[in-house]
Each structure stands twice: as structure tokens, then as C-alpha cells.
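Chemist: Structure incoming, see below.
The values are calculated or read from the model by the stated rules, or taken from the named source; none is laboratory data. Please read these numbers as outputs of a predicted model, since none were measured by experiment. Cβ placement follows ideal geometry from the backbone for every residue including glycine, while neighbour counts extend to all protein chains displayed.
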Amino acid sequence: MPLHPNAKPKLAVWKFASCDGCQLSLLDCEDDLLAITDAIQIAYFPEATRAVIKGPYEISLVEGSITTPHDAERIHKIRRVSKVLITIGACATSGGIQALKNFKDVNKFIDIVYANPQYIDSLQNSTGIADHVKVDFELRGCPINKNALVEVCNAYLNRRKPNIPTYSVCMECKRRGNICVMVRNGTTCLGPVTQAGCDAICPAYNRGCYSCFGPSEDANAKAFSIHLEETGISRENLIRLYRGFNANAEEFKNESIFYEQK
């Protein structure tokens, strides 16, 4: 997709099933966003403007999961007009909180919730974007870290690898000087198996990590589950622990299914 030598790269922001929180993180960049607009042209971003500039697009940021047949078709169209496609947030990377329906019969919920369920056209599963098309980079978080978003966009515009950590939240706790809530208080915390990115905000306030950023690169969820069992956590609570924002992430999904069938 060649660009005119004097043209600014076009950036598009797309929404699927989500709460819009990650798009709001982009708007929250404020001064950084203004600096970005000097280097790129925001061509499509319904959350911020009704103006639309036709593609193709140098970078597409995609928020939200695929939950309907229409979504499954639309993401392929977006992929075709995008040189680089970056997913932002837990919904786009692993299906989000709505992926909890993947573990049950969604039709039973539709019958309970909607007065006219025949008008609902929903897929059985909520899935991340990478389950449908090629994704160039997955930016984790619920919501994403706005500074990380600026870093990823900057990296791709300058054709370099994004500098995003893949180690666990425990590293961030150490850097902040936090005392481990698991060791001191016996608080259940997913920090040891969760990717960094939040600056360990929950442990800093004496709360366990909820894994907003999903499993870390070298997460050993199996060993972590065994440890939690030894501390006395029940099978039901262990399943609930893994079924949060990133319930459909492979490592967490496998663990919750294992204990559900145990």
C-alpha cells in the first residue's frame, strides 16, 4: 500500500463488542495525541470525529471482540485495507469479559434476557481478533495503558519493534517497593502469572491483581494453581479467579476448564 511521499500515514480506530474504554484511553493521551497528529492523519475514529477519510490505512487500531456473524465479516474487510493491524485491550486480544459466555450455552442466556430472542444474531463464542485475521501486534490491558499505546504507534511508524514488557506484574511490584500481598496478607493475587503494564496498581493498594493484562509470556498457570490449592482456595473460587477480563486467554481458559471438569 504505497503512500504519496508527502502524505501523512493514515490511522484508523475500529470498534467491535466492547465498552469503549480502550478508545477513551487513546483520547486520554491529550498532549501526546496532539503530538501524534503532527506525524499521522487520524482518518477514521467515530469516538472522536464524524469525519471519514477513505483507506487504505497505515495503522488500524481495533478494539472489541468478534461476537456476531457481521463482526466476523467486517474484520476481514478491515484487515484488507490495513497495512498494520494492532489489537487494543482484553476484548480484542482474548474475547474480553463477554467471553464468559463461551463456557455456557449462549442461547439459554438470550432466552432469559431478551423478550424477542429471535432478533438476536450472536455467535456461540466471543473471540479475539487474531482468531479471525492476521494481527501484527496485541496490546494488552483492560483498559490499555495510554503510554504503551503511544509507544506501539511510534514503533510501527518508525519501523521498529515496540518496547512493551512481557514479564509479570511481580516485577512491577518489586520496582515500586510493594510488599507482596500474597506473602504478607495471604491475599489471592494473579500477579505472578499476569503480564506487566499497570504499574502494579492493585497490589500497591493492598489488593490482589485481577489480571487486567492477561497471562504473561512465561506464565506457569498450572504450577500457580497447585500453589493456590495448597493455600486452601476452593475449586469454585479457582475457576472464578481465571474467568475474568481474560477468561478466554489460552492459559487461563485451560486452567478453568481443567478445574471445572475435575
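Chemist: Which of the residues belonging to region 14-65 are part of a loop (DSSP other than H, G, I, E, B), crowded, with 22+ Cβ neighbours inside 10 Å and polar (S, T, N, Q)?
Modeler: 18
Chemist: Give the residues of region 186-234 that are out of contact with any Leu (no Cβ under 9 Å at 6 or more places or on another chain), in a loop (DSSP other than H, G, I, E, B) and among the hydroxyl-bearing types (Ser, Thr, Tyr), sorted by residue number.
Modeler: 187, 205, 216, 231, 234 - these are the residues of region 186-234 that are out of contact with any Leu (no Cβ under 9 Å at 6 or more places or on another chain), in a loop (DSSP other than H, G, I, E, B) and among the hydroxyl-bearing types (Ser, Thr, Tyr).
Chemist: Which one of these is in a helix (DSSP H, G or I) and farther than 21 Å from residue 242 by Cα: 183, 152?
Modeler: 152
Chemist: Here are the criteria: (1) buried (at least 17 other Cβ atoms within 10 Å of the Cβ); (2) under 29 Å from residue 200 (Cα atoms). Tell me which single one residue 133 does not satisfy.
Modeler: Result: residue 133 fails condition (2) only.
Chemist: If we keep just the residues of region 238-252 that are in contact (Cβ under 8 Å) with a residue 12 or more places away in the chain and not hydrophobic (A, V, I, L, M, F, W, C), which is surrounded by the fewest Cβ atoms within 10 Å (Cβ to Cβ)? Before the answer, list the steps.
Modeler: Let us first name the residues in region 238-252 that are in contact (Cβ under 8 Å) with a residue 12 or more places away in the chain, namely 238-239, 241-252.
Still in the running and not hydrophobic (A, V, I, L, M, F, W, C): 242-244, 246, 248, 250-251.
Working: 242: 26, 243: 21, 244: 19, 246: 32, 248: 29, 250: 13, 251: 18.
Applying the filter and picking the extreme gives 250.
Chemist: Can I ask one more? Looking at region 208-222, can you tell me whether even one residue there is over 13 Å from the mean Cα position of the chain (by Cα), without any contact (Cβ under 8 Å) to a residue 24 or more places away in the chain and over 21 Å from residue 145 (Cβ atoms)?
Modeler: No; the residues of region 208-222 include none that is over 13 Å from the mean Cα position of the chain (by Cα), without any contact (Cβ under 8 Å) to a residue 24 or more places away in the chain and over 21 Å from residue 145 (Cβ atoms).
Chemist: With the requirement that a residue be loosely packed, with under 15 Cβ neighbours inside 10 Å and either under 30 Å from residue 232 (Cα atoms) or among the β-branched types (Val, Ile, Thr) (or both), what does region 141-170 give you?
Modeler: 166, 167 - these are the residues of region 141-170 that are loosely packed, with under 15 Cβ neighbours inside 10 Å and either under 30 Å from residue 232 (Cα atoms) or among the β-branched types (Val, Ile, Thr) (or both).
Chemist: Can we say residue 83 is out of contact with any strand residue (DSSP E or B) (no Cβ under 7 Å at 6 or more places or on another chain) and closer than 16 Å to residue 133 by Cβ?
Modeler: no
Chemist: Filter region 220-262 down to the residues that are charged (D, E, K, R) and farther than 13 Å from residue 103 by Cβ and list them by number. Give the steps one after another, and end with the answer.
Modeler: Taking region 220-262 first, the residues charged (D, E, K, R) are 222, 229-230, 235-236, 240, 243, 250-251, 253, 255, 260, 262.
The answer is 222, 229, 230, 235, 236, 250, 251, 262.
Chemist: Quick one: residue 180 ticks every box in (1) within 23 Å of the chain's Cα centre (by Cα); (2) surrounded by 13 or more Cβ atoms within 10 Å (Cβ to Cβ) except a single one, so which number is it?
Modeler: Single failed check for residue 180: (1).
Chemist: Given the residues 137, 45, which is the only one that is modelled with pLDDT under 95 and of a type in the set (Phe, Trp, Tyr)?
Modeler: 45
Chemist: Do we find a residue being outside the structural domain of residue 199 (by TED's automatic domain parsing), out of contact with any Phe, Trp or Tyr (no Cβ under 8 Å at 6 or more places or on another chain), without any contact (Cβ under 8 Å) to a residue 12 or more places away in the chain and in a loop (DSSP other than H, G, I, E, B) anywhere in region 116-124?
Modeler: yes
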